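Novice: Before I ask anything, here is the structure I am working with.
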Amino acid sequence: MSSTKTPLVDDVNWSRLFHAYGVASDTARHLPGLVSDDDAAFDEALDHLHGAVLHQGTVYPATVPSLRIVAGMLHDQGLRRRDGHGRSRLASLLEWIDAVGDSASWYEDPDVSDTAEPTDEDVDAFYRAMAADDEEVWGSELSQYLWARSIAELPAACREALTPVSAFLTDEDETVRSAALDAYVRLAAVQPDRATLAGPLATAVDAASGRDERAVVVLGLGDLGSDTTRWLSDDDPAIRACAALSLTGSAEATAVLVEALQDPLAVDEWFTRRPSRFDMRVHFGLMANLLARDVDLAEILPACLSAIRVAQGGLWSDMTWGPILLRTFPGVEFLPGVRPDPPQNLEEAQKAVLREMVANDDLWDRRDGNANLARMRVGLPDDRDAVAGLAS
């Protein structure tokens, strides 16, 4: 086992930190496994990072020191070997760092300045109770304070990780390079001076090869506030769309997205390694961006109709055609459980949306609660024939 970074693990008092399952003392045992020759130890450590330290994207007091330690381990040569599944260990850790950066973007900086610092005795009692599986401690004020403090510390830890991550932006291994690009953008995007941190990405543009990697760089430049206009005329439709996402006030960028979304399912197949920016189907992300733009419905209608044409129920109700309905019928006042009155005096664009819905068999399963709620929010009946009548 390489022990290059193990002392950093030992410098942390893990018994005074917690993760999703309790006191984080076990984190200290897992982290050295990341630079172990033992594939099983590496897998267990990586699972611990994802499952406990960053459980379902939630940040805990153990997350910040773990991020610092993992970032410090990145140059360990043991990470250059593949894990037992043939995957790059280094890329796997960069992907975890990417996930931490993503989580950091979810939270507003909590203000704990007016909260009294707990005494050492209070903290000791808290962790003794947690170690004894006292469930009440999870809802305590001290638990909320410790959680809020960890959130407040996260952006600084993300900034510290930028330097070790940036060293891999032009790595010879494409898998590592792409993972580093994703992670760098996530970490930089939560910094108040993010626009000043785009320099390494501008350098990475020249080294990028292939659609997947170029997309990550262009998305990253946009997220950090750089002008991506020059890529709107790229030969690759995927790169044009990635450039358009940050140009929310550009009519040309809007047109690029509308054109791309003429075939939503083809959009979903653009990438071999999907940029982490798109956590689900790629066309979901493009559609959400388009719907948020301050443009007339008629301008984006072709994309909306194409998305509805291929849509399904369930999650799709939440990600595409449900939001399209909200955009089509703005200003409807909705109280949970109370269906508003059906829309009246519809414009042609609104009728076109309804006609496309009526034509899609997959949107009318009466057992589909997501679909029912999507219709209820804008006052549409669940009866397909009744909706067809509104569209006539």
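The values are calculated or read from the model by the stated rules, or taken from the named source; none is laboratory data. These numbers come from a predicted model, not from an experiment. Virtual Cβ from ideal backbone geometry, glycine too; neighbours counted across all protein chains shown. Calculation scope for accessible area: heavy atoms of the full protein, side chains included, ligands and nucleic acids excluded. Shrake-Rupley method; radii C 1.70, N 1.55, O 1.52, S 1.80 Å.
Novice: Shape verdict for region 244-392, please, from the Cα gyration tensor: rounded (a/c under 1.5), prolate (a/b greater than b/c) or oblate. Working shown, then result.
Specialist: Numbers: a/c = 1.85, a/b = 1.48, b/c = 1.25.
Because a/c hits 1.5 or more and a/b exceeds b/c, region 244-392 counts as prolate.
Novice: Over the chain, give the accessible area per residue in Å² for a 1.4 Å probe, as an integer. Provide the component values of the computation, followed by the final result.
Specialist: On the way: 18040 Å² over 392 residues.
For the chain, the solvent-accessible area averages 46 Å² per residue.
Novice: Also, I was wondering about something else. Going by the alpha-carbon gyration tensor, a ≥ b ≥ c the square roots of its eigenvalues, is region 262-343 rounded (a/c under 1.5) or, if a/c is not under 1.5, prolate (a/b greater than b/c) versus oblate?
Specialist: Note, shape of region 262-343 comes out prolate.
Novice: For F18, which sequence-distant residues (separation of 5 or more, or a different chain) have an amide H within less than 5 Å of its own amide H, given hydrogens modelled in the peptide plane?
Specialist: Excluding prolines and chain starts, which carry no amide H, the hits are A24, A62.
Novice: Which residue fluctuates most in the GNM of the chain (Cα springs below 10 Å): S36, S66, S178?
Specialist: Residue with maximal mean-square fluctuation among S36, S66, S178: S36.
Novice: Follow-up question, since we're still on this one. Separation of region 87-102 and region 266-288 by C-alpha centroid, Å?
Specialist: 19
Novice: Also, quick follow-up: With θ set to phi - 60° and the Karplus curve 6.51 cos²θ - 1.76 cosθ + 1.60, what are the ³J(HN,Hα) couplings of region 21-32 in order, to the nearest whole Hz, using x for Gly and Pro?
Specialist: Residue by residue, region 21-32 yields 10, x, 4, 8, 4, 5, 4, 4, 6, 7, 4, x Hz.
Novice: Here is a follow-up. Report the one residue of A303, G101, P342 whose Cα lies farthest in the direction of the positive end of the charge dipole of the chain (charges on C-beta: Lys and Arg +1, Asp and Glu -1; origin at the Cα centre).
Specialist: In the chain, that residue is A303.
Novice: Then there is this: With θ taken as phi - 60° and the coefficients 6.51, -1.76 and 1.60, list the Karplus ³J(HN,Hα) couplings across region 73-89 in order, rounded to whole Hz; mark glycine and proline as x.
Specialist: Here the 3J(HN,Hα) series is 7, 4, 8, 5, 5, x, 7, 7, 8, 7, 7, x, 9, x, 8, 5, 4 Hz.
Novice: Right, something else. Out of the total accessible area of the chain (probe 1.4 Å, heavy atoms of protein only), what percent is carbon and sulfur? All intermediate terms of the calculation are to be shown ahead of the outcome.
Specialist: Numbers: 8560 of 18040 Å².
C and S fraction of accessible area: 47 percent.
Novice: On to the next question. Rounded to the nearest Å, what's the spacing between the alpha carbon centres of region 17-53 and region 292-325? Just the number, please.
Specialist: 41
Novice: Another question, then. Whole Å is fine, so just give me how far the alpha carbon centre of region 369-392 lies from that of region 158-200.
Specialist: Rounded to whole Å, the Cα centres lie 45 Å apart.
Novice: Could you work out, for the chain, what percent of all Cα-Cα pairs fall into each 10 Å distance bin, beginning at 0 Å and stopping at the bin that holds the largest distance?
Specialist: 5, 20, 24, 23, 19, 9, 1, 0
Novice: Got a sec to turn the phi values of region 247-261 into Karplus ³J(HN,Hα) couplings, 6.51 cos²θ - 1.76 cosθ + 1.60 with θ = phi - 60°, whole Hz, x for Gly and Pro?
Specialist: 9, 6, x, 9, 5, 5, 5, 4, 5, 4, 5, 4, 5, 4, 7
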